[in-house]
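Beneath this line is the structure, given in structure tokens, with notes to follow.
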Amino acid sequence: MTEQAKVPAIRFAGFTDPWEQRKLGELFEESDERASDREILSVSVANGIYPASESDRETNPGASLANYKIVHFGDVVYNSMRMWQGAVDASRYDGIVSPAYVVARPNSEVYARFFARLLRQPMLLKQYQQVSQGNSKDTQVLKFDDFASIGISMPASENEQRRIGGFFDRLDSLITLHQRKYDKLVIFKKSMLEKMFPKDGESVPEIRFAGFTDPWEQRKLSEVATFGGGHTPPMADPDNYEDGYVLWVTSQDVKSNYLDRTTTQITEKGAKELTLYPAGSLVMVTRSGILRHTLPVAELRKPSTVNQDIRVILPQGECCGEWLLQFFISHNKELLLEFGKTGTTVESVDFGKIKDMLLYMPSTVEQQQIGDFFAKLDSLITLHQRKLELLQNIKKSLLDKMFV
């Protein structure tokens, strides 16, 4: 490796020395310190080290903790059977871990939080797999001697290690913050969907906007909507697809509540025998393996055509499309259970029966308020999701550029 190759693409100002090539065995020694049979904080190792959700004694009643390994703050702990999956971190706790884990105690040259990231770099994950002992991924064990034999590049300056480790700790905290905000909003929406649509056997929801007191009325879906479908233009004819710009929805596109792009676009020729459905139409996946788990429904944000696995629902008159979308989302599992076809080669739903299904509907004004509420909530969820994805992509890029 050349001197130039030992320098990361991005560094903090003031650091110019090339990184050193070292063996992990020069920097860590295995610790086999065992716990006494008393209650000590139990920690778990996955992509990080955290206090276990419940103590090992509670998980395994009557089990002795005397054989468990003691972990001190700053120790590097890894799962010897899952190291190649990145199950390694530097502990921020004094605690204990199962004897199946390896505890590597750093020497004075090592800032553990830097190594918490370095040891999960993709290039090293491959090396763990190569030096692990065993016949397959499921039986491979990375013993400390093999871990110690692995060569790494690192800054000679502990100060640079601290800057890098601290930077990624702060970035992880920001990612965790946005993840929690996103998770809370998703849970809040789920709760509001349950409360703002009537439960089975009831004609009014638990929560309503002020001023609405009338019971919801039972209607057939076919009374408040019209329906459509589509097909696949012949793929043998490239003129149906090359340089196409007409959106063409397939089951793989219906992954969120709103749809403004598709994996494949078709040409005007390809769309000639298809219906171009307007924005505001709802699309439902009626034939796909995904129907084992969920019934995907989305609102078109742009005019689109569809293939044969998609059915289109066009709200009419007194039916608000945004409300109807949230109705389908709130009743997802029940609809799949009631209308899903069994015994077929590919999972599907009986759309003929869905068209004639009964649903309780409020007035158009109340529908609009409910629809607007959930549309704004969905926008907020999407915003946090995009922030989270952006931060995760930034972290991935910086991990590539700030390590050798």
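What follows draws every value from the coordinates through simple rules; no lab data is involved. Keep in mind that what you see is a predicted model, and the values were worked out from it rather than measured. Positions of Cβ are generated from backbone atoms using ideal geometry, with glycine treated the same way; all protein chains shown enter the neighbour counts.
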Review point. With charges set only on the Cβ (+1 for Lys and Arg, -1 for Asp and Glu), what does the dipole of the chain come to about its Cα centre, in debye to the nearest 20?
Key: 460 debye
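Starting from the Cα coordinates of the stretch 341-388, work out the convex hull volume and express it per residue in Å³.
127 Å³
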Review point. Taking amide hydrogens as modeled 1.01 Å from N in the peptide plane, which residues meet the under 5 Å criterion relative to Thr264, leaving out close sequence neighbours?
Key: Trp248
**Study point:** Out-of-range pairs (alpha-carbon distance over 22 Å; input Lys195/Lys341; Lys220/Lys333; Lys195/Lys376; Lys195/Lys355; Lys199/Lys333)
**Key:** Lys195/Lys341; Lys195/Lys355
Check your understanding: Working out 0.36 nm times the residue gap between Asp183 and Arg105, then minus their Cα-Cα distance, what length gain in nm do you get to one decimal?
Key -> 24.5 nm
Revision key, fill the gap. Computed, not fitted: 222 nm per-residue ellipticity of the chain from DSSP H runs ≥ 4 (each -39500 (n - 2.57)), nearest 500, equal to -10500 deg cm²/dmol
Review point. Helix 158-196: angle to the longest alpha-carbon principal axis of the chain, degrees 0 to 90, nearest 10?
Key: 30 degrees
Point to revise | Given charges at Cβ of Lys, Arg, Asp, Glu: the stretch 217-361 dipole, positive-most of Tyr241, Val283, Met361 | key: Met361
**Study point:** In order through the stretch 388-400: 3J(HN,Hα) via Karplus (6.51 cos²θ - 1.76 cosθ + 1.60), integer Hz, x for Gly, Pro
**Key:** 4, 5, 4, 5, 5, 5, 4, 4, 4, 5, 5, 4, 5
Point to revise | In sequence order, calculated HN-Hα J values of the stretch 346-353 (Karplus, 6.51, -1.76, 1.60; Hz; x Gly/Pro) | key: 10, 4, 7, 10, 7, 5, x, 6
Review point. Which whole-Hz couplings ³J(HN,Hα) result when phi for each residue of the stretch 275-282 is put into the Karplus expression 6.51 cos²θ - 1.76 cosθ + 1.60, θ = phi - 60°, listed in order with x for Gly and Pro?
Key: 8, 8, 7, x, 4, x, 5, 9
Point to revise | Extension gain, Asp243 back to Ile290 (0.36 nm per residue minus Cα-Cα distance, nm) | key: 14.0 nm
Revision key, fill the gap. Between Met357 and residues 5 or more places away or on another chain, the pairs with built amide H atoms under 5 Å apart involve Leu221, Ser222
Point to revise | Share of Cα-Cα pairs in the stretch 217-361 lying beyond 26 Å, as whole percent | key: 23 percent
**Study point:** Sequence-distant lysines (8 or more away, or on other chains) whose Cα lies within less than 30 Å of Lys143
**Key:** Lys6, Lys23, Lys69, Lys126, Lys395, Lys396, Lys401
Exercise for review: Quick one: compute the contact order of the chain, relative version, from alpha carbon pairs under 8 angstrom and 6+ residues apart, as a percent.
Suggested key: 15 percent
Revision key, fill the gap. Whole-Å distance linking the alpha carbon centroid of the stretch 116-180 with that of the stretch 196-232 is 52 Å
Practice item. Translational diffusion coefficient, Stokes-Einstein: compute it for the chain using the Kirkwood radius over C-alpha pairs as Rh, at 4 °C and 1.567 mPa s, and state it as an integer in µm² s⁻¹. Key: 50 µm²/s
Review point. Relative to the longest principal Cα axis of the chain, at what angle does helix 321-330 sit, 0 to 90 degrees, rounded to 10?
Key: 50 degrees
Check your understanding: If the cut-off is 17 Å between C-alpha atoms, which aspartates and glutamates fall inside it for Lys190, apart from same-chain ones fewer than 8 positions away?
Key -> Asp200, Glu206, Glu322, Glu334, Asp372, Asp378
Practice item. Using a 10 Å Cβ count of at most 15 others and DSSP loop calls, identify the longest part of the chain lacking such trypsin sites (Lys or Arg not before Pro). Key: 302-404
Review point. Considering amide H positions built from the backbone, and no H for Pro or chain starts, which residues 5 or more places from Glu20, or on another chain, come under 5 Å of its amide H?
Key: Met154, Ala156
Review point. Between Asp32 and Glu268, 0.36 nm times their residue separation minus their Cα-Cα distance comes to what?
Key: 77.9 nm
Check your understanding: Among Gln316, Ala90, Ala271, which residue has its Cα positioned farthest towards the positive end of the charge dipole of the chain, with +1 placed on the Cβ of Lys and Arg, -1 on the Cβ of Asp and Glu, and the dipole taken about the Cα centre?
Key -> Ala90
Study note, to complete from the structure: Out of Asn257, Gln326, Ile152 - ranked by how far each Cα lies towards the positive end of the dipole of the chain, with unit charges on the beta-carbon of charged residues - the top one is Ile152
Study note, to complete from the structure: Rounded to one decimal in nm, the spacing of the 7 Å Cα→Cβ label points at Thr345 and Gln316 is 3.5 nm
Revision key, fill the gap. Kirkwood calc, the stretch 75-170, C-alpha pairs only, radius in angstrom 13.9 Å
Check your understanding: Quick one: Debye curve from the C-alpha atoms of the stretch 112-251, no solvent, what's log10 I(q)/I(0) at q = 0.12, 0.15, 0.21 Å⁻¹?
Key -> -0.88, -0.95, -1.26
